[in-house]
Amino acid sequence: MRKSLLSKAVTAVCATVMCLGVTACGGNSSAKSDKSNSDSSSSSEKIGMHQIAGVTAKGELGKKPTVSFKTPMTVEDNSYVVLQKGDGAQIEDGDRVCSQGIAISVKDGSELASTWEKNTPDCSTVVTSDTSQMTENYYKIFKSLKLNSTVAFGVNDSNSSGTSYLMVLTLVSKSKDLKKATGKKVAGVPADLPKVTLAKDGKPSIDMNGYKGSDSLVSQDLIKGKGAVVKDTQSVVAHYTGWLLDGTQFDSSWDRGQSSAFSLDSVIKGWKQGLAGHTVGSQVLLVVPPSLGYGNKDQEKIPANSTLVFVIDILAAY
């Protein structure tokens, strides 16, 4: 399915942020917007990004803003302006920030796309000083903001589809990803399944316990979390380890020292079907038959027609 224009806009902005989405939030008086522009301009040298001039926003904080500027306008990539300073909680290191967004053409001021009407905020931004995930400039911008702030980023698309625009983002909520499964250990796990042991940091090891696999998907909670129920349309943040039935480990986010984020539309069917319906904070034992895994194709360390065994900690869903 082709990406929506807004999705493309967010991706374009976030190619610089090095994450899947960014956020901001809007609403306020014109006078307050002018003050925000002035404040952000004074800090632009410290941030090291070009400051967009002549853009204002009106409306109630935390609501869809009305953005104004003289058209046609030219914008540069790697440019921004804080349109409204929010009145909510301060953004901090490690926060996962959700934002509503509007893509606005700088040619004529028309609205190209918006998440506000269907209330589908993007929650893929994690504010971190780790430059492998977020550039220093974007880190400084987000760390300077509170919830219910609105910030616009310039996207110069003149060399591709010819549609340059402002990506106007409103920071509407925040949370922190878990580090490991945090729920209650499940009693009565079937005795014939593989046995899982956890290290102090949460990393799993496994005893296959003579297990021979299953022709159908097995999705068993080992720890039951208290978070939101995962939907099969969402993206998930997880720590996981995968083994073959002979106990050979073929992959582990724990060994890489960093959790993984992925859309459930982009993974094997066994993960999409096996994680949907579980809750954030849970640890899930998945047994994935070949038909829901990689089938009759080799996959790096995984031989063709392999049954796969995973232990997955669900750390966030968005």
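Surface analysis of the stretch 95-242 yields an accessible area of 49 Å² per residue, using protein heavy atoms and a 1.4 Å probe. Residues Asp251, Asp95, sorted by accessible area with the largest first, give Asp251, Asp95 [1.4 Å probe; ligands and nucleic acids excluded]. In the stretch 184-318, the portion of solvent-accessible area held by carbon and sulfur atoms comes to 48 percent [1.4 Å probe, whole percent, DNA, RNA and ligands not counted]. Each peptide in 296-304, 75-83, 107-115 gets a packing score, the mean of other Cβ atoms within 10 Å over its residues, and the list from highest to lowest is 75-83, 107-115, 296-304. Restricting the stretch 169-225 to trypsin sites (Lys or Arg not before Pro) that sit in a DSSP loop and have at most 16 other Cβ atoms within 10 Å of their own Cβ leaves Lys179, Lys200, Lys212.
With the simple model of a label 7 Å out from the Cα in the direction of the Cβ, Ser158 to Gln299 spans 4.5 nm. How high is the FRET efficiency from Lys118 to Asp232, r the C-beta distance, R0 25 Å, rounded to 0.05? According to the calculation, E is roughly 0.85. Rolling a 1.4 Å probe over the protein heavy atoms leaves Leu244 with an accessible area of roughly 20 Å². Radius of gyration (Cα atoms) of the stretch 195-318, expressed as a multiple of 2.2 N^0.38 Å: 0.98. Rounded to the nearest 10 square angstrom, Thr56 shows an accessible area of 30 square angstrom against a 1.4 Å probe.
Among 267-275, 162-170, what's the highest-first ranking by average C-beta atoms within 10 angstrom per residue?
162-170, 267-275
The smallest convex shape that holds all Cα atoms of the stretch 71-162, its convex hull, gives 118 Å³ per residue.
Where does the charge balance sit around Tyr211 when Lys and Arg score +1, Asp and Glu -1, over other residues with C-beta under 11 Å from its C-beta?
Spelling it out: positives minus negatives among the neighbours equals -1.
Only protein heavy atoms count here; under a 1.4 Å probe, Ser219 has an accessible surface of about 50 Å². The phi-based Karplus calculation (6.51 cos²θ - 1.76 cosθ + 1.60; θ = phi - 60°) puts the 3J(HN,Hα) values of the stretch 165-172 at 7, 9, 9, 9, 10, 10, 6, 10 Hz, whole numbers, x for Gly and Pro. Of Tyr318, Tyr240, the residue with the largest accessible area leads and the full order is Tyr318, Tyr240 (1.4 Å probe).
The values are calculated or read from the model by the stated rules, or taken from the named source; none is laboratory data. This one's a predicted model, so the numbers in the text were calculated from it and none came from an experiment. Reconstructed Cβ throughout: ideal geometry from the backbone, glycine too, with neighbour counts over all protein chains shown. Heads up: the accessible areas ignore ligands, DNA and RNA and are worked out on the full protein's heavy atoms, side chains in. Shrake-Rupley method; radii C 1.70, N 1.55, O 1.52, S 1.80 Å.
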